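In what follows, a single structure is set out as structure tokens and then discussed.
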Amino acid sequence: MELADGIFKRKAYDENSLTEYGFAKSDDGFTYSELISDGRFMFVVNIVGSKIETDVIELAWNEPFTLYHIDGASGAFVGQVRAEAERILLDIADKCFYTEVFKSRQAKAVIDYVGKCYGDKIEYLWEKFPDNAVFRRKDNQKWYGALLTVGRKKLGLDGDGTVEVVDLRETPEAVAALVDGKSYFAGYHMNKKHWYTVCLDGSVSDEEIKQRIDNSYIIASKR
């Protein structure tokens with residue numbers, strides 16, 4: 001397993017931060033290198049799109065240090081090389097990357113709208129469910145939305161894989177009228193009388209979703 005996979009899971013990079021850190025930009029992506037193990041090795045990080053790969057070059061031979069990539073390889077020296085590589089990667093993750101659980105354009109639009117309109121940031125409340133987040137009012141701490149990653153089949157949709165959704169509040173009458181099993185669904189993991197689910201796959205327009213977020217925010221004002 002590539003060492004970077006776990007460190008950069010659910011993260012995205014900021015290009016300006018990468019260049020400030022020392023990454024060199026090319027047509028293919030970004031590259032960073034740093035001497036480790038008292039200058040005997042060069043640790044290299046390559047970023048192409050969303051893919052991050054690392055390598056260790058043994059400078060005496062100008063060849064890859066193959067033991068770095070072998071999961072079963074053991075020994076104090078290999079462990080030291082990996083520890084130095086991990087230290088660098090953790091520092092890069094801290095200084096150049098930010099959390100990005102939700103990937104769809106509409107999920108990002110929801111996060112942006114909630115931040116700009118209400119000054120609220122999404123909150124990740126459950127360690128066991130890192131793909132779930134909520135946003136809530138500042139005055140009474142009530143949730144007015146939740147962003148979730150849900151298996152398509154759990155919503156009754158065709159196909160495998162997952163879809164990103166937003167759960168919103170509404171009156172029971174409005175929920176009953178909205179839910180159609182196509183674009184609007186019964187509130188996933190919520191009280192289905194007062195919550196409904198919207199797929200963030202373009203089946204509902206951005207403007208309509210924003211309007212429904214506004215309604216949910218107002219409904220959540222009731223104490």
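So here's what we get for this one:
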quantity	calculated
Hits in the range 2-55 - residues which are on the phi > 0 side of the Ramachandran plot and either open to solvent by less than 60 Å² (accessible area, probe 1.4 Å) or at pLDDT below 90 (or both)	R10, G22, G29, S37, G39, G49
Test result for V163, part of a strand (DSSP E or B), touching a Lys or Arg at 6+ places or on another chain (Cβ under 8 Å) and not polar (S, T, N, Q)	yes
Candidate set: the range 188-199, residues that are under 21 Å from F102 (Cα atoms) and out of contact with any Lys or Arg (no Cβ under 8 Å at 6 or more places or on another chain); chosen: the one surrounded by the fewest Cβ atoms within 10 Å (Cβ to Cβ)	H189
Single match in A146, A220 (criterion: within 19 Å of V101 (Cα to Cα) and either in contact (Cβ under 8 Å) with a residue 40 or more places away in the chain or surrounded by 18 or more Cβ atoms within 10 Å (Cβ to Cβ) (or both))	A146
Filter pass, A109 being exposed (fewer than 15 other Cβ atoms within 10 Å of the Cβ) and either in a helix (DSSP H, G or I) or at pLDDT 95 or above (or both)	yes
Test result for G79, without any contact (Cβ under 8 Å) to a residue 40 or more places away in the chain and not hydroxyl-bearing (S, T, Y)	yes
Test result for G6, out of contact with any Asp or Glu (no Cβ under 9 Å at 6 or more places or on another chain), without any contact (Cβ under 8 Å) to a residue 60 or more places away in the chain, within 22 Å of E100 (Cα to Cα) and of a type in the set (G, A, S)	yes
V204 being part of a loop (DSSP other than H, G, I, E, B), open to solvent by less than 50 Å² (accessible area, probe 1.4 Å), modelled with pLDDT of 90 or more and out of contact with any Lys or Arg (no Cβ under 6 Å at 6 or more places or on another chain)	yes
In the range 45-61, the residues that are over 14 Å from L35 (Cβ atoms) and either over 31 Å from the mean Cα position of the chain (by Cα) or without any contact (Cβ under 8 Å) to a residue 12 or more places away in the chain (or both)	K51, W61
Residues within the range 164-211 that are more than 25 Å from K222 (Cβ to Cβ) and under 21 Å from the mean Cα position of the chain (by Cα), tallied	6
Test: residue in the range 191-199 that is assigned to a loop (DSSP other than H, G, I, E, B), at pLDDT 90 or above and touching a strand residue (DSSP E or B) at 6+ places or on another chain (Cβ under 8 Å)	yes
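So that you can scan it fast, the table gives a plain yes or no per residue for (1) under 21 Å from the mean Cα position of the chain (by Cα); (2) more than 19 Å from K103 (Cα to Cα); (3) open to solvent by less than 30 Å² (accessible area, probe 1.4 Å); (4) not charged (D, E, K, R):
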| residue | (1), (2), (3), (4) |
| --- | --- |
| P130 | yes, no, no, yes |
| F135 | yes, no, yes, yes |
| K153 | no, yes, no, no |
| D160 | yes, no, no, no |
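The values are calculated or read from the model by the stated rules, or taken from the named source; none is laboratory data. Remember, predicted model here, so these are calculated numbers, not experimental data. Glycine also receives a Cβ, built like all others from the backbone with ideal geometry; neighbour counts cover every protein chain displayed. For the accessible areas, the whole protein counts, side chains as well, though only heavy atoms, and no ligand, DNA or RNA atoms are used. Shrake-Rupley method; radii C 1.70, N 1.55, O 1.52, S 1.80 Å.
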